[in-house]
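A short worksheet on the structure shown next.
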Amino acid sequence: MVCNRVDIIGASSAGLYTALVLARKGIPVRVFDASSDLAPEARTLILTPEFSRLFPSSSEKVILNRIHQISLFSRSSHVCVALGEPDIVVDRKMMIQCLASEARHAGVELLLGYQLLGLEKVESELVVKFYRTALGDTIAEKTRVLIAADGVRSGVARALGMNIDRTIANVQAQIQLPADVRPDTAYVWFARQDTPYFYWLIPESSKTAVVGVAADKMPQAEELLNRFLSDRGWHPLSIQASYVAGHNMRYSSSTSMGDAAIFTVGDAAGHVKVTTIGGVVAGFCGAEAVVRAIMRRENGHSMRHPIRWELSLHSLMRAFLNRLSDSDYDKLLSLLNGKTLDLLRRYNRDELRRSFWKFPLAQPRWILFAARIIARSLIDRKGWDGVLRKRSSRLSVTPDSVNRGNSAPAAFTMKIGKSD
């Protein structure tokens, strides 16, 4: 056996998945969580087919719906992307409870009502202090391997100075499925004047859907969502809100204290695809990287895994997308040709590392498009306002009001933000 025991703080999806994988390899695992009943708030998520390949038991238990195509909207363009394998809509609460049941069955000790107070190095040992809410007392536990899976505001990461420096607010409302919306189709709107991210509609079933938006701050996200719903006459049945960690390519997800190895997974490690604000599958992949490091006795600095390259590519893509204007999004969608649509059909969002370099080969005009955006950004950064005005005709991208794919429902016209 590689180590006597692993302790995990946080019964998140990434934390429970890590515990389950370790337990199935014969390693004793304890999971500490501050909640007393493990009843996370319900939240609807859309995941790639990789989820079913990674989920430890039949994923049918937690699946609400399957999505076979995604309609993308910009201010003046619309493209429908068919998916080779359907995306999966799941309930996060059901998923975590299913993972907890699987973990217990595998021998994981799940300790609820343990609030983290802090970490302390005693000689060469790591001591973790908890407040037990049921007993009202404080205890100290020694550990040799500690994994932080306690979310975007990780207490472990904060205590070690490893906390994530950027978060993304997302809020969504459950609504009755509009009559002109297909239950097998997800919808995404890019509205750069509102948010650098996007709005979405994800059908949960033939009766309900969730409509949401991501933004830098929660008050901004709430205001945008309220306006988006009001413009379409959609009425919220319930609200789901959360913060998601932003991935930092320079962030180290592991360290040590004395003789103890410390790892972070999930949101605590920034295991999030910042292009689409998705973290469940990335968190599972990050968990497998941590398990491999523990089994191989790798230290934090030597740990390598494809998930790091995958998420770093998403970070580079997000940096590029943040530089686009509304007219740029019009052009981006209009450049989606048959070959690029086929790539989007064949590769899901968790396979960017495999597909990234295929896209410019499939659509060479994207190379010139990207070069123009980057050149414009460099000029803006240097403050060359006069140069930018002189060359605006060469550096800007004009909107292309191409509307391809399935026709958009009337309620989906872009009534977002200030009129141009």
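Here are the numbers for the structure shown:
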{"quantity": "Candidates Ala221, Ala191, Ala261, Ala268, filtered to the one that is within 30 Å of Val122 (Cα to Cα) and outside any strand (DSSP E or B)", "calculated": "Ala268"}
{"quantity": "Residue list for the range 79-94, restricted to those being among the hydrophobic types (A, V, I, L, M, F, W, C) and either in a strand (DSSP E or B) or within 15 Å of Arg53 (Cβ to Cβ) (or both)", "calculated": "Val79, Cys80, Val81, Ala82, Leu83, Ile88, Val89, Val90"}
{"quantity": "Single residue of the range 122-137 satisfying the filter (of a type in the set (Val, Ile, Thr) and not in a loop (DSSP other than H, G, I, E, B)) that is surrounded by the most Cβ atoms within 10 Å (Cβ to Cβ)", "calculated": "Val128"}
{"quantity": "So Leu110, is it surrounded by 18 or more Cβ atoms within 10 Å (Cβ to Cβ), touching a Gly at 6+ places or on another chain (Cβ under 8 Å) and either modelled with pLDDT under 95 or not hydroxyl-bearing (Ser, Thr, Tyr) (or both)", "calculated": "no"}
{"quantity": "Breaking point among (1) surrounded by 13 or more Cβ atoms within 10 Å (Cβ to Cβ); (2) part of a loop (DSSP other than H, G, I, E, B); (3) free of Cβ contacts under 8 Å to residues at least 40 places away in the same chain; (4) of a type outside the set (D, E, K, R), for Pro236", "calculated": "(3)"}
{"quantity": "Search result, residues across the range 207-227 that are of a type outside the set (A, V, I, L, M) and under 22 Å from the mean Cα position of the chain (by Cα)", "calculated": "Gly212, Asp216, Lys217, Pro219, Gln220, Glu222, Glu223"}
{"quantity": "Residue satisfying condition, being without any contact (Cβ under 8 Å) to a residue 24 or more places away in the chain, within 19 Å of Arg318 (Cα to Cα) and either within 17 Å of the chain's Cα centre (by Cα) or crowded, with 17+ Cβ neighbours inside 10 Å (or both), within set Phe190, Phe198", "calculated": "Phe198"}
{"quantity": "Selection count, the range 357-369, where residues are crowded, with 16+ Cβ neighbours inside 10 Å and of a type in the set (A, V, I, L, M, F, W, C)", "calculated": "4"}
{"quantity": "Residues that are within 21 Å of Gly283 (Cα to Cα) and under 27 Å from the mean Cα position of the chain (by Cα), drawn from the range 99-134", "calculated": "Leu99, Ala100, Ser101, Glu102, Ala103, Arg104, Val108, Leu110"}
{"quantity": "Test: residue in the range 62-78 that is in a loop (DSSP other than H, G, I, E, B), surrounded by fewer than 17 Cβ atoms within 10 Å (Cβ to Cβ) and touching a residue at least 40 places away in the same chain (Cβ under 8 Å)", "calculated": "no"}
{"quantity": "Residue selected from the range 37-61 under the condition aliphatic (A, V, I, L, M) and at pLDDT 90 or above, by the criterion surrounded by the fewest Cβ atoms within 10 Å (Cβ to Cβ)", "calculated": "Leu54"}
{"quantity": "Scope the range 47-58; condition under 12 Å from Cys98 (Cα atoms) and either under 19 Å from the mean Cα position of the chain (by Cα) or part of a strand (DSSP E or B) (or both); matching residues", "calculated": "Phe55"}
{"quantity": "Filter pass, Leu119 being on the phi < 0 side of the Ramachandran plot, in contact with a Ser or Thr (Cβ under 7 Å, 6 or more places away or on another chain) and surrounded by 15 or more Cβ atoms within 10 Å (Cβ to Cβ)", "calculated": "no"}
{"quantity": "One residue from Thr138, Thr143, Thr185 being more than 22 Å from His271 (Cα to Cα) and touching a Cys at 6+ places or on another chain (Cβ under 9 Å)", "calculated": "Thr185"}
{"quantity": "Any chance Asp330 is touching a Gly at 6+ places or on another chain (Cβ under 7 Å), modelled with pLDDT of 90 or more and part of a helix (DSSP H, G or I)", "calculated": "no"}
{"quantity": "From the options Ala100, Ala169, Ala140, residue that is loosely packed, with under 15 Cβ neighbours inside 10 Å and either part of a strand (DSSP E or B) or not basic (Lys, Arg) (or both)", "calculated": "Ala140"}
{"quantity": "Selected residue (criterion: surrounded by the most Cβ atoms within 10 Å (Cβ to Cβ)) from residues of the range 271-323 that are at pLDDT below 90 and assigned to a loop (DSSP other than H, G, I, E, B)", "calculated": "Met303"}
{"quantity": "Residues (farther than 14 Å from Trp189 by Cα and among the charged types (D, E, K, R)) located in the range 58-98", "calculated": "Glu60, Lys61, Arg66, Glu85, Asp87, Asp91, Arg92, Lys93"}
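Listed here are the residues, each with its yes/no results for (1) more than 30 Å from Pro86 (Cα to Cα); (2) surrounded by 14 or more Cβ atoms within 10 Å (Cβ to Cβ); (3) at pLDDT 95 or above; (4) aromatic (Phe, Trp, Tyr).
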{"residue": "Ser334", "(1), (2), (3), (4)": "no, yes, yes, no"}
{"residue": "Leu341", "(1), (2), (3), (4)": "no, yes, yes, no"}
{"residue": "Leu344", "(1), (2), (3), (4)": "no, yes, yes, no"}
{"residue": "Tyr347", "(1), (2), (3), (4)": "no, yes, yes, yes"}
{"residue": "Ile373", "(1), (2), (3), (4)": "yes, yes, no, no"}
{"residue": "Ile379", "(1), (2), (3), (4)": "yes, yes, no, no"}
{"residue": "Ser393", "(1), (2), (3), (4)": "yes, no, no, no"}
{"residue": "Thr398", "(1), (2), (3), (4)": "yes, no, no, no"}
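The values are calculated or read from the model by the stated rules, or taken from the named source; none is laboratory data. Please read these numbers as outputs of a predicted model, since none were measured by experiment. A quick note on method: Cβ atoms are made from the backbone with ideal geometry, for glycine too, and the neighbour counts reach across all protein chains shown.
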